[in-house]
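Please read through the structure below; I'll follow up with questions.
We did not get these values from a lab; they are worked out from the coordinates using the rules stated. No experiment lies behind these values; they were computed from the predicted model shown.
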C-alpha cells in the first residue's frame with residue numbers, strides 16, 4: 001500500500017527543487033548522515049555530501065520528481081520512494097528522463113529526511 005505521508009514528502013522535495021534548485025532541495029532534506037550515490041563517485045556521506053552539493057552548479061537546469069511509490073517500515077521511521085525524474089536544461093528545449101530512489105528517515109519532529117538519494121539516467125521500455 002502506498003504511504004501517502006511519505007509520497008507528500010517526496011512531492012514537497014520536488015517542489016523545492018523546482019523553486020530553489022536541486023542542490024538547495026537536497027541540502028534542506030538531507031539527514032546529517034545522508035548518503036548521495038552519484039555516477040563515478042564512491043558514496044558521499046554526511047558533511048562530505050553537503051560539501052559536494054555546495055560545489056555543484058545547478059543553475060543550468062530544473063529537476064522535478066514524479067514519485068511512483070512509497071513504502072514505510074512497520075516501525076514507521078524508515079521508508080523509501082521511487083519514481084521518474086525530469087531534467088529540463090535551460091539552454092535547449094528538451095527533457096531528459098531517468099529514475100530515482102530515495103530512502104527516508106522520520107525525524108523526532110515528524111519530518112522526513114533523506115538517508116539516501118540516487119538516480120539513474122534514462123528510462124528503459
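Suppose only helical runs count, i.e. DSSP H with n ≥ 4. What mean residue ellipticity at 222 nm does that imply for the chain under -39500 (n - 2.57) per run, divided by all residues and rounded to the nearest 500 deg cm²/dmol?
-8000 deg cm²/dmol
Find how much the distance from residue 47 to residue 90 grows on full extension, using 0.36 nm per residue of separation minus their present alpha carbon separation; answer in nm with one decimal.
12.5 nm
Gaussian network model of the chain, Cα springs within a sub-10 Å range: biggest mean-square fluctuation belongs to which of 47, 25, 70?
Residue with maximal mean-square fluctuation among 47, 25, 70: 47.
Considering the chain as a Gaussian network with a 10 Å cut-off on Cα pairs, which listed residue, 87, 42, 30, attains the greatest mean-square fluctuation?
42
Still on this structure, please answer the following. Under 1.5 on a/c is rounded, so check that first for the range 33-95, then, if it is not, pick prolate when a/b is larger than b/c and oblate when it is not; a ≥ b ≥ c are the square roots of the alpha carbon gyration tensor eigenvalues.
It comes out oblate by the Cα gyration axes.
With the chain treated as a Gaussian network of Cα nodes joined by springs under 10 Å, which of 44, 108, 96 yields the largest mean-square fluctuation?
108
Same structure, new question: With everything on Cα atoms, drop me the angle between helix 4-20 and the longest principal axis of the chain, reported from 0 to 90° to the nearest 10.
30 degrees
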